[in-house]
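Engineer: Following this message is one structure expressed as structure tokens.
The values are calculated or read from the model by the stated rules, or taken from the named source; none is laboratory data. For clarity, every value in this text was computed on a predicted model and none was experimentally measured. Note that each Cβ is placed from the backbone with ideal geometry, even for glycine, and that neighbours are counted across all protein chains shown.
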């Protein structure tokens, strides 16, 4: 059967273009719809279709496109973006396979490549017995880092994409981005924050962590996610990150042991447009726990988790890291790892005093199945990891092994 594969918006990297080159060499026909100049920029050199209309025109446009070109597969990043939601709805009605990609659950050098979506939309099983059976006979994944990514290249390509898309938006007048903030403010805020991190915040955070470790003090960790993260916006009941902070601090104040502290860690790529430190301390003050709530920007996440009594997260991939270190973990939103026996099945109020440890055997099976079925080794921004990821993604698509849990 002829494979006609449509690429929509993806990671800001040549990953999709290189993947299309590989698939084309194996007889697939690859299509692309660009929604903004940045999409064109990272697809240049290959044929593509430009959609310049309004959002209201997109559903009819993509419906006709899918039928006209007899699309068999769609590959995209961010299944909750408006344009992608409409495409997925129409694809599902036609039996078209949808494959989503993003940074890997098993970071730092893995990429997610799975059917239908991530988190709540993931097809990965949630029943422990299914996971145990699925992992039978699979090898333990080598979780030691094999490939280095390039943060400098990631930043450069990201700025290229967003700034040029903004400057040349007249070429795609109907496009509406899913981003919450103007890219100029995001880059200025991120740059200033990283400068402060380098000058003094990193050292301060490291000292806080060292003080807790050396004193054997009890503490839980609450790593913040990006406020604009779709993991919060689409896969949790929270309207905002601030709402989640309020719930966690209130619960901690009412139910945590009096000799326990809560360390709140800022996301490493937070753009600094919101003063999360102030918000956290205001919440701590309102619940009379300012002496037990600590906010840090920087420091080693590994060290922080290694000595903690548990991790509270909405649905961050930090939850995967904490499970790898056999730490009690509670996911307040939907997550691929929110599985009875892995994460705490009780309430947040119960977690502070009676956190449940993850089952070692289920953890092992979970990582085996996760790596074999919906993760591929490699990175988005640097060779040779980028090339390895392209090869594996193409192989899984061509051999119909998306979400096939086998060695």
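Engineer: Answer yes if at least one residue in region 130-140 is within 24 Å of residue 269 (Cβ to Cβ) and either out of contact with any strand residue (DSSP E or B) (no Cβ under 6 Å at 6 or more places or on another chain) or not in a loop (DSSP other than H, G, I, E, B) (or both), and no otherwise.
Structural biologist: no
Engineer: Which of the residues that make up region 379-407 are in contact with a helix residue (DSSP H, G or I) (Cβ under 8 Å, 6 or more places away or on another chain) and in a helix (DSSP H, G or I)?
Structural biologist: 386, 387, 389, 390, 391, 393, 394, 397, 398
Engineer: Quick check on region 75-83. Is at least one of its residues surrounded by 21 or more Cβ atoms within 10 Å (Cβ to Cβ), part of a strand (DSSP E or B), at negative phi and in contact (Cβ under 8 Å) with a residue 12 or more places away in the chain?
Structural biologist: Scanning region 75-83, I find at least one residue that is surrounded by 21 or more Cβ atoms within 10 Å (Cβ to Cβ), part of a strand (DSSP E or B), at negative phi and in contact (Cβ under 8 Å) with a residue 12 or more places away in the chain, so the answer is yes.
Engineer: Of the residues that make up region 51-60, is at least one in a helix (DSSP H, G or I), in contact (Cβ under 8 Å) with a residue 24 or more places away in the chain and more than 27 Å from the chain's Cα centre (by Cα)?
Structural biologist: Filtering region 51-60 down to residues in a helix (DSSP H, G or I) leaves 55-60.
Imposing the further condition that a residue be in contact (Cβ under 8 Å) with a residue 24 or more places away in the chain reduces the set to 55, 57-59.
Then drop every residue that is not more than 27 Å from the chain's Cα centre (by Cα), which leaves 57.
Yes, there is a match, as at least one residue in region 51-60 is in a helix (DSSP H, G or I), in contact (Cβ under 8 Å) with a residue 24 or more places away in the chain and more than 27 Å from the chain's Cα centre (by Cα).
Engineer: Check region 271-284 and report whether any residue there is assigned to a loop (DSSP other than H, G, I, E, B), exposed (fewer than 14 other Cβ atoms within 10 Å of the Cβ), under 26 Å from the mean Cα position of the chain (by Cα) and in contact (Cβ under 8 Å) with a residue 12 or more places away in the chain. Spell out the reasoning first.
Structural biologist: Of region 271-284, the ones assigned to a loop (DSSP other than H, G, I, E, B) are 271-275.
Then keep just the ones that are exposed (fewer than 14 other Cβ atoms within 10 Å of the Cβ); that gives 275.
Restricting the remaining residues to those that are under 26 Å from the mean Cα position of the chain (by Cα) gives 275.
Checking the rest, the ones that are also in contact (Cβ under 8 Å) with a residue 12 or more places away in the chain come to none.
No, that holds for no residue.
Engineer: Now for a separate question. Every residue in region 342-378 that is assigned to a loop (DSSP other than H, G, I, E, B), over 26 Å from residue 233 (Cα atoms) and touching a residue at least 24 places away in the same chain (Cβ under 8 Å), please.
Structural biologist: Within region 342-378, 353, 355, 356, 357, 358, 359, 378 qualify.
Engineer: Looking at 145, 202, 154 in this structure, which one is in contact (Cβ under 8 Å) with a residue 12 or more places away in the chain and surrounded by fewer than 16 Cβ atoms within 10 Å (Cβ to Cβ)?
Structural biologist: Selected residue: 145, the only one of 145, 202, 154 that is in contact (Cβ under 8 Å) with a residue 12 or more places away in the chain and surrounded by fewer than 16 Cβ atoms within 10 Å (Cβ to Cβ).
Engineer: Another one. Any idea which of 10, 45 is surrounded by fewer than 21 Cβ atoms within 10 Å (Cβ to Cβ) and either modelled with pLDDT under 95 or in a loop (DSSP other than H, G, I, E, B) (or both)? Give the derivation first.
Structural biologist: Values: 10 fails: surrounded by fewer than 21 Cβ atoms within 10 Å (Cβ to Cβ).
Residue meeting the stated conditions: 45.
Engineer: Something else now. Need the failing condition index for residue 103 against (1) at pLDDT below 95; (2) under 20 Å from residue 398 (Cα atoms), just the number.
Structural biologist: Of everything listed in (1) at pLDDT below 95; (2) under 20 Å from residue 398 (Cα atoms), residue 103 misses just condition (2).
Engineer: Scan region 198-230 for residues that are within 23 Å of the chain's Cα centre (by Cα) and part of a helix (DSSP H, G or I) and report the count.
Structural biologist: Matching residues across region 198-230 total 1.
Engineer: The conditions are (1) touching a residue at least 40 places away in the same chain (Cβ under 8 Å); (2) crowded, with 16+ Cβ neighbours inside 10 Å; (3) outside the structural domain of residue 103 (by TED's automatic domain parsing), and residue 319 fails exactly one of them. Which is it?
Structural biologist: The number of the failed condition is (1).
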